[in-house]
Amino acid sequence: MRLQEYQSKKIFQAYGIPIPRGWVTSIAGEAKQMAEELGGKVVIKAQVLIGGRGKAGGIRLAKSPKEAEDLATIVLGMELKGLPVRRVLVDEAVRIDKEFYLGITVDRIRKMPVMIASGAGGGDIEQTAHQNPEKIFTTTIDPLIGLADYKIRDLITGIDLPYKHWKEFIKIAHSLWKVFLDYDATLAEINPLVLSKDERLLALDGKMILDDNAHFRHQEFSELRDPDYENASAREAHKYGLAYVKLDGNIGCLVNGAGLAMATMDIVQYFGGLPANFLDIGGGASAEKVSAAFRILLADPQVKVVLVNIFGGITRCDEVAKGILSTIAELKPAVPIVVRLVGTNAGEGLELLRAANMITAETLVESVQKTMDVIQGGWSGDIH
Ligand code: GDP
Ligand code: MN
């Protein structure tokens, strides 16, 4: 789950990381009052869950309360990368001397959290890492040992921060690490962390991604979730307890069990295909879940074929087949569907599907080969 900037910054502040003064609102008139309270010059910041809001026109500098209202009206009427702006953050404008980057994420190769700093903050950090890797400094944090000061100092020597701000930077780095741990985050990022002209270090932007798998031990996460800002698929998946991650390919994969879902994706790739998603409908595979999963996959215009791979243990394959057929009758998908069923009552299930002219398979390899045939145009049968 991604948090909005204002939510992340509120958390940062509670952990002692300085942020600009400001409030969030959905009413342009309030932006004017806020600007008056903040001394006139403010930044109006669209609260949408996308990166690069600045470049997209969602961050505007207002020189007076009147301008704050005008700009808030404009920004509140905008759509950024398809997401409507429902709220803006009105922050005191800060005169920036230098922009840094400071973030913590999980390094899957080193299998440890890693703290990243750069003197080239403000922009797209992935791009900097790609084009100017020498400007990025990283250090791993062993969670059992914690974050040592010398590691932070190591980072600082790379980013050209005046010595008198080192102590404050070290404090901010420790706070960010504490936030990362306490919130079970997979990302806690300040970009930019600025040194202002009046010599303050401030988190001007904040981004946090919380690990949904840790949801069960954080009651407060439910309040942070903002369904308005999630895309429809993520919302639907969350509602039905499906684990869904959208990817770039064109083969929609509908699978029960995370391990099987990963194996399915691997085999699809092995045969030269590209999965459109990871989707684990979980145990039980009730008709309701099957139907929700189909709705999500079929709503993705990139999906050119759906590959269903169900292992029936407790779940009976004939029940799953009935669920698939009734869903198809209801949704009338325009793309072909390949179904592989194995396990309890698989024979009965496959028979039901074949009787309905579905493309079926008994082994995983067979199902992926048939899927690739469909993608490459080699399938000459009816689509279902
Ligand atoms: P993002 O584009 O979504 O990452 O949004 P940010 O909050 O990081 O803002 C983008 C850029 O706008 C920052 O890197 C700054 O250069 C600029 N910016 C944001 N707030 C202020 C401010 O208070 N004063 C000034 N001068 N620039 C700001
Ligand atoms: Mn930013």
Candidates Asn250, Asn277, Asn231, filtered to the one that is within 17 Å of the chain's Cα centre (by Cα) and open to solvent by 40 Å² or more (accessible area, probe 1.4 Å) | Asn231
Going through segment 144-165 in order, the residues found to be touching a residue at least 40 places away in the same chain (Cβ under 8 Å) and either touching a strand residue (DSSP E or B) at 6+ places or on another chain (Cβ under 6 Å) or assigned to a strand (DSSP E or B) (or both) are Leu155, Gly158, Ile159
Conditions (1) free of Cβ contacts under 8 Å to residues at least 40 places away in the same chain; (2) touching a Lys or Arg at 6+ places or on another chain (Cβ under 9 Å) -> Asp107 fails only (2)
Do we have any residue at all in segment 117-124 that's more than 13 Å from ligand 1 (Cβ to nearest atom), surrounded by 13 or more Cβ atoms within 10 Å (Cβ to Cβ) and not assigned by TED's automatic domain parsing to the domain that holds Leu61?
-> yes
Filtered residues of segment 173-204 (kept if of a type in the set (A, V, I, L, M, F, W, C) and within 16 Å of ligand 2 (Cβ to nearest atom)) | Leu176, Leu187, Ala188, Ile190, Leu193, Val194, Leu195, Leu201, Leu202, Ala203, Leu204
Before we move on, is Leu224 in contact (Cβ under 8 Å) with a residue 24 or more places away in the chain, surrounded by 17 or more Cβ atoms within 10 Å (Cβ to Cβ), on the phi < 0 side of the Ramachandran plot and touching a Phe, Trp or Tyr at 6+ places or on another chain (Cβ under 8 Å)?
-> no
Matching option when the condition is without any contact (Cβ under 8 Å) to a residue 24 or more places away in the chain and under 30 Å from Lys171 (Cβ atoms), among Ile44, Ile11, Ile96, Ile59 = Ile59
Of the residues in segment 47-65, how many are away from ligand 2 (no atom under 12 Å from the Cβ) and touching a strand residue (DSSP E or B) at 6+ places or on another chain (Cβ under 7 Å)?
-> 6
Determine whether segment 359-372 contains at least one residue that is within 20 Å of Leu242 (Cα to Cα) and open to solvent by less than 20 Å² (accessible area, probe 1.4 Å).
-> no
Looking at segment 309-346, which of its residues are without any contact (Cβ under 8 Å) to a residue 40 or more places away in the chain and among the β-branched types (Val, Ile, Thr)?
-> Ile314, Val320, Ile324, Val338, Val339, Val342, Thr344
Sole miss for Phe271 among (1) open to solvent by 60 Å² or more (accessible area, probe 1.4 Å); (2) without any contact (Cβ under 8 Å) to a residue 60 or more places away in the chain is condition (2)
Just checking, which of Leu195, Leu187, Leu201, Leu155 is more than 16 Å from ligand 1 (Cβ to nearest atom) and surrounded by 14 or more Cβ atoms within 10 Å (Cβ to Cβ)?
-> Leu155
Kindly provide the set of residues from segment 91-116 that are open to solvent by 20 Å² or more (accessible area, probe 1.4 Å) and either among the aliphatic types (A, V, I, L, M) or within 12 Å of ligand 2 (Cβ to nearest atom) (or both), ordered by number.
-> Ala93, Val94, Ile96, Glu99, Val106, Ile109, Met112, Ile116
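The values are calculated or read from the model by the stated rules, or taken from the named source; none is laboratory data. None of the values given here were measured: they were computed from a predicted structure. Virtual Cβ from ideal backbone geometry, glycine too; neighbours counted across all protein chains shown. Calculation scope for accessible area: heavy atoms of the full protein, side chains included, ligands and nucleic acids excluded. Shrake-Rupley method; radii C 1.70, N 1.55, O 1.52, S 1.80 Å.
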